[in-house]
Amino acid sequence: MKSSDSDAIGLRRRTVLFGAALPWVSAPAWAASGAPDAAQFFRDEETLSAHLSPDGKRLALRTVAKHRGVMLSVLDMASMQPTVLHSQEIADACNVAWTNPHRLIFSVEERRLPQGLVKSGPGLYTIQDDGSAFRQLVERREDVKIEKIDSGGISGALPTGAAPKGTGGAAMGQEGMGFKQIADAPNVKNLREVESDRLQAWNTYVLSPIESATPDSIVMWRPKGTKSTPIELLETNLRTGRTRSLDVPGEVVLAHADAAGNLRAAIVRDGSRLITTWRDPVTNQWRTLTDCAPEAEADWGIKHIDPRGILYVSARRGQDKLALWLYDVNATRWSAAPLAQSAQFDVDAQVLVSQNKVVGFRFTIDAEITQWLDPDFKQLQQQLDQLLPRTVNRVAVASQGSPQQILVEAFSDTQPTVYLLYNRETRKLTRLGSLRPDIASRDMASMDVQRFAARDGLEIPVWVLRPKGAAATPMPTVMWLPNALNAHSEQWAWDAALQFLVARGYAVLRPELRGTRGLGLRHSQAAGNGPSGLGTSNDIADTVQWAIAQGIADPKRIAVGGSGFGAAAALTAMARHPQLFRCGVAWSVSSDQSAVLRQPVLLAHGDKDGEVPLQQADAFRKAVQSGNPSSEWVVYKSEGHSLRDPANKADFYNRAAQFLDKYLQAQ
């Protein structure tokens with residue numbers, strides 16, 4: 001696809017992505033009241049993810065149970081009967097993946113628990129789709145690990161101390177899986193300690209792709225020592241839990257398996273440079289691919305390995321933008337032109353494979369698109385887009401089959417993800433669940449991306465949201481910055497914080513500041529990036545001036561805020577450009593700008609923040625308030641660098657809204 005073609009597809013899609021809701025979503029209660037509360041935007045999700053089995057016959061679903069924990073179940077698409085595999089109030093299923101058509105792996109987390117109360121890592125577990133052959137593979141940092149034996153032969157890991165209170169008091173999953181109901185783990189008979197060589201260290205992770213030619217094993221990796229590089233590679237037997245180290249060619253920093261799950265390529269650090277090594281499928285010997293070396297570790301990646309020795313590589317190859325290229329290992333030759341590229345965006349594509357054939361590429365420009373190579377999938381996409389013209393409709397590809405029922409994820413900037421089944425024969429859609437069924441897209445504000453030139457000529461994209469039905473006149477405006485310079489592809493989605501601020505009556509700006517990934521090398525490496533960089537502060541100021549000139553922002557009623565990176569960048573910009581900002585909001589920040597901040601600031605922090613310790617933040621707060629008594633301060637018990645408890649999220653954003661109203665809405 002040519003650059004112009006990619007851009008045209010993305011821009012065309014954005015013209016139809018807003019304006020109406022999916023037909024089964026009802027309007028929320030707050031829409032009629034006109035007084036939104038943050039709790040209405042930060043409620044628990046309902047259906048968090050859906051995962052198609054390799055043969056396309058089953059779906060693994062993560063949904064919120066009545067006890068509010070995230071349970072894992074498998075839906076047989078022929079009978080539409082579910083089997084619950086895991087349901088526990090204090091351990092939410094996460095990181096779900098199929099390893100073959102009948103076996104899954106998953107981890108657990110305490111997603112609503114403040115970070116300071118989280119004592120365990122995510123672990124890793126494996127289980128069959130019928131609930132049998134459950135096994136823990138990776139430890140969760142507990143002091144003692146025990147394994148329960150029952151007559152059904154199903155074993156499960158229990159944490160030290162009192163047993164978790166899941167459904168029916170089961171330790172892991174439902175009683176119907178064969179788990180005995182227990183009260184206090186240390187006093188339970190018929191328990192034994194897990195052999196130390198059977199559980200891998202907590203920082204052991206799965207190498208993708210996880211699908212394997214041998215149904216019982218996967219490839220895993222973990223860092224050597226305390227640093228992130230180099231890494232150690234392991235093959236783990238899912239049935240026995242036994243692990244063996246894999247032969248690697250030196251200090252490996254990245255590794256890639258082929259579609260069959262066999263370790264095939266590795267990125268190796270050789271002094272100050274990175275090299276690509278290839279494991280020959282016939283001789284199993286490693287050799288260096290001299291003309292296929294990474295330009296930079298963060299900007300280069302093998303996306304897929306064809307059985308014939310063809311690499312699909314995301315690379316710049318001397319250009320400003322990433323594109324998807326082919327590299328033939330046997331011929332030692334790059335493709336003459338990229339397979340997918342864009343003039344405005346990096347293309348970091350996912351390669352879609354069905355029955356050992358590459359059928360398409362999926363990537364994000366101004367919105368997510370799928371570039372289909374296979375005519376059957378292309379026709380299927382057209383049918384879905386006709387049925388659902390206002391959403392991006394992501395088709396799940398079965399790697400080993402061609403199912404009649406197709407999993408579809410429909411989403412947009414105004415619509416949280418809805419999971420659907422599409423019957424190819426009847427052309428009917430069946431709703432499986434929704435991330436946020438209480439949100440009606442018709443009441444949400446669309447995100448419009450515009451561009452302007454910063455003072456040094458760098459092009460800055462800026463997302464703009466305005467209340468629906470608002471007059472086209474300057475209005476109170478909040479610039480809400482992200483907590484990190486995330487990739488451009490992560491920006492366009494339904495966002496609870498942005499939508500809440502719009503619902504409170506504000507125009508909202510989110511500029512993609514210099515350093516943002518996904519907009520090309522020149523943008524990501526532009527001078528003065530970073531939260532305290534002069535270029536970043538100037539980008540923020542230039543965005544404000546642009547919004548004023550466009551008639552979006554009332555120049556006397558503008559605030560800036562954010563968390564983490566966004567909070568530090570916001571306070572620095574307020575100090576350097578005080579005439580532009582009436583007030584600010586900052587979560588988890590410490591800055592050297594305390595002496596010159598004179599505008600009112602709401603500062604908030606978690607007392608268990610591991611990145612910005614509370615003592616440091618409190619010293620900054622005292623310095624600010626000594627010369628700025630109108631500033632406010634709130635500390636959230638047990639929270640870390642980001643808010644996790646839904647009640648705390650709602651409280652913080654309600655406080656922020658009241659603070660903003662005080663200084664921006666008053667006439």
Checklist entry - Rounded to the nearest 0.05, what FRET efficiency do residue 284 and residue 456 have when you use their Cβ-Cβ distance and R0 = 60 Å? => result 0.70
Checklist entry - How big is the accessible area of residue 663 in square angstrom, nearest 10, if you roll a 1.4 angstrom probe over the protein chains? => result 30
Checklist entry - Separation between the residue 55 and residue 35 pseudo-spin-labels, each 7 Å from Cα along Cα→Cβ, expressed in nm? => result 5.7
Item to check | Percent of alpha-carbon pairs separated by more than 14 Å within the range 434-479 | outcome: 66
Next on the checklist: Please report Rg (one decimal) and Dmax (integer) in Å for the Cα set of the range 337-436.
Outcome noted: 13.9, 42
Item to check | Rounded FRET efficiency, nearest 0.05, which uses the C-beta distance separating residue 202 from residue 615 and R0 of 25 Å | outcome: 0.35
Checklist outcome for this item: Gyration tensor (Cα only) of the range 392-481 to equivalent ellipsoid, semi-axes in Å sorted down, yields 37, 19, 10
Item to check | Computed P(r) (all Cα pairs; the range 533-604; 5 Å bins; percent) | outcome: 3, 18, 30, 27, 15, 5, 1
Checklist entry - If you take the alpha carbon radius of gyration of the range 36-125 and divide it by 2.2 N^0.38 Å, what ratio comes out, to two decimals? => result 1.19
Item to check | residue 387 versus residue 642: modelled label distance in nm, points set 7 Å from Cα along the beta carbon direction | outcome: 3.3
Next on the checklist: Can you give the FRET efficiency to the nearest 0.05 for residue 224 and residue 64, using r as the Cβ-Cβ distance and R₀ = 25 Å?
Outcome noted: 0.05
Checklist entry - Based on the Kirkwood radius over alpha-carbon pairs, what value in µm²/s does the Stokes-Einstein equation return for the translational diffusion coefficient of the range 566-658 at 37 °C and 0.692 mPa s? => result 248
Item to check | At q = 0.19, 0.20, 0.28 Å⁻¹, base-10 log of I(q)/I(0) for the range 278-341 (Debye sum, equal scatterers on each alpha carbon) | outcome: -0.71, -0.78, -1.38
Checklist entry - What is the Cα radius of gyration of the range 221-339 over 2.2 N^0.38 Å, N being its residue count? => result 1.09
Next on the checklist: Is the C-alpha gyration tensor of the range 482-630 telling us rounded, prolate or oblate? Criteria: a/c under 1.5 is rounded; beyond that, a/b larger than b/c is prolate, otherwise oblate.
Outcome noted: rounded
Next on the checklist: In the range 249-351, if the dipole is taken from +1 on Lys/Arg beta carbons and -1 on Asp/Glu beta carbons about the Cα centre, which of 300, 268, 336 is farthest to the positive end?
Outcome noted: 336
Item to check | Magnitude of the charge dipole, the range 516-667, Cβ model with Lys/Arg +1 and Asp/Glu -1, debye to 20 | outcome: 220
Checklist entry - How much length, in nm to one decimal, is gained on full extension between residue 598 and residue 76, taken as 0.36 nm per residue of separation minus their Cα-Cα distance? => result 181.8 nm
Checklist outcome for this item: The simple spin-label model distance between residue 527 and residue 357, using points 7 Å out along Cα→Cβ, in nm, is 5.3
Next on the checklist: On a full-extension model of 0.36 nm per residue, what is the gain between residue 260 and residue 579, subtracting their alpha-carbon distance, rounded to one decimal in nm?
Outcome noted: 108.9 nm
Checklist outcome for this item: Note to self: C-alpha centroids of the range 612-667 and the range 259-286 sit apart, in Å, by 49
Item to check | Label zone at residue 376 (point 7 Å along Cα-to-Cβ), backbone N below 20 Å, the range 56-94 | outcome: 56-59, 77-78
Next on the checklist: Over the Cα atoms of the range 437-565, what radius of gyration and what Dmax do you get, in Å?
Outcome noted: 14.3, 44
Item to check | Percentage of interatomic Cα-Cα distances in the range 40-82 larger than 17 Å | outcome: 38
Checklist outcome for this item: Heavy-atom accessible area of the range 244-401 with neighbours in place, 1.4 angstrom probe: carbon+sulfur share in percent works out to 45
Item to check | Spatial separation of Cα centroids for the range 319-396 and the range 440-457, in angstrom | outcome: 25
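The values are calculated or read from the model by the stated rules, or taken from the named source; none is laboratory data. A quick note: this is a predicted structure, and the numbers were derived from the prediction, not measured. Methodologically, a virtual Cβ is constructed for each residue, glycine included, from the backbone with ideal geometry; neighbour enumeration extends over all protein chains shown. For accessibility, only protein heavy atoms count, side chains too; no ligands or nucleic acids. Shrake-Rupley method; radii C 1.70, N 1.55, O 1.52, S 1.80 Å.
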